[in-house]
Amino acid sequence: MTARSFLFLLGSSRADGNTETLARLAAEQLPAGAEQRWLDLRDLPLPDYEDRRHSDRHPAPDGHATTLLEATLAATDVVIASPLYWYAVSTPTKRYLDHWTGWLETPGTDFQRRMAGKTLWGVTALADEDPAVAEPLAGTLRNSARYLGMRWGGVLLGNGSRPGDVLSDTGATARSKDFFS
């Protein structure tokens, strides 16, 4: 059996927020042989995505886009750790996902074939007691996985607004213990 390789993409606009805390709690339960790579999208800013599908060819990724593309393709499991911002993924997370469209069209990447069979996961913290408000975020990730032939691992939801609040969400901390199993 091939060892699993988890790519954790942190999409918050602040360090050490509730979403990251929850993702790290869940990652503590990964088997010892599972590789973990953590990338903070604030440290790897992408330009706004320019859709060239029906006019020009997409240029080969460069800079931070190359780093993110290579890390994405190297992972067996991609974990999007994005706080719930206005009922959806954060701007850096959405920009990263938008770049997937370009990678689908970039010659030589074979992005769709290489993503098929990987597992996509979501981790989010929200400041609302109703978990249904996170459905747009979950739907974005679930439908992205389905489009690329990926497995959908689900979304780990936690409640918290101020940094550290999610640790008081005993349901979320309990779910984090077996989220990736």
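Here are the numbers for this structure:
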quantity: Test item: Cα-centred dipole of segment 1-159, Lys/Arg +1 and Asp/Glu -1 on Cβ, debye; calculated: 500
quantity: With every protein chain in place, segment 123-181: carbon and sulfur % of accessible area (1.4 Å); calculated: 51
quantity: Computed [θ] at 222 nm, deg cm²/dmol, the chain (DSSP H ≥ 4; -39,500 (n - 2.57); rounded to nearest 500); calculated: -10000 deg cm²/dmol
quantity: Loop-resident sites, segment 25-134, for trypsin sites (Lys or Arg not before Pro), counting at most 12 other Cβ within 10 Å (DSSP); calculated: R53, R57
quantity: Between segment 30-106 and segment 138-163, the alpha-carbon center distance in angstrom; calculated: 14
quantity: Low-density loop positions, GluC sites (Glu not before Pro), segment 51-153 - DSSP coil, at most 14 other Cβ in 10 Å; calculated: E129
quantity: Segment 2-36: GluC sites (Glu not before Pro) falling in loop per DSSP and having at most 16 other Cβ within 10 Å; calculated: E28
quantity: Percent of beta bridges antiparallel (DSSP, the chain, rounded to nearest 5); calculated: 5
quantity: Test item: Cα-centred dipole of segment 1-42, Lys/Arg +1 and Asp/Glu -1 on Cβ, debye; calculated: 80
quantity: Accessible area per residue, Å², segment 18-113 with all protein chains present, probe 1.4 Å; calculated: 52
quantity: Farthest positive-ward along segment 50-173 dipole, Cα basis, beta-carbon charges - from M115, L97, G153; calculated: M115
quantity: Equivalent ellipsoid dimensions for the chain as semi-axes, Å, which come from the Cα gyration tensor, largest first; calculated: 27, 18, 14
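The values are calculated or read from the model by the stated rules, or taken from the named source; none is laboratory data. Every value quoted in this text rests on a predicted model; they were computed, and no experiment measured them. Here Cβ is always computed from backbone atoms with ideal geometry, including for glycine, and neighbour counts include all displayed protein chains. Surface accessibility is based on the protein's heavy atoms, side chains included, excluding ligands, DNA and RNA. Shrake-Rupley method; radii C 1.70, N 1.55, O 1.52, S 1.80 Å.
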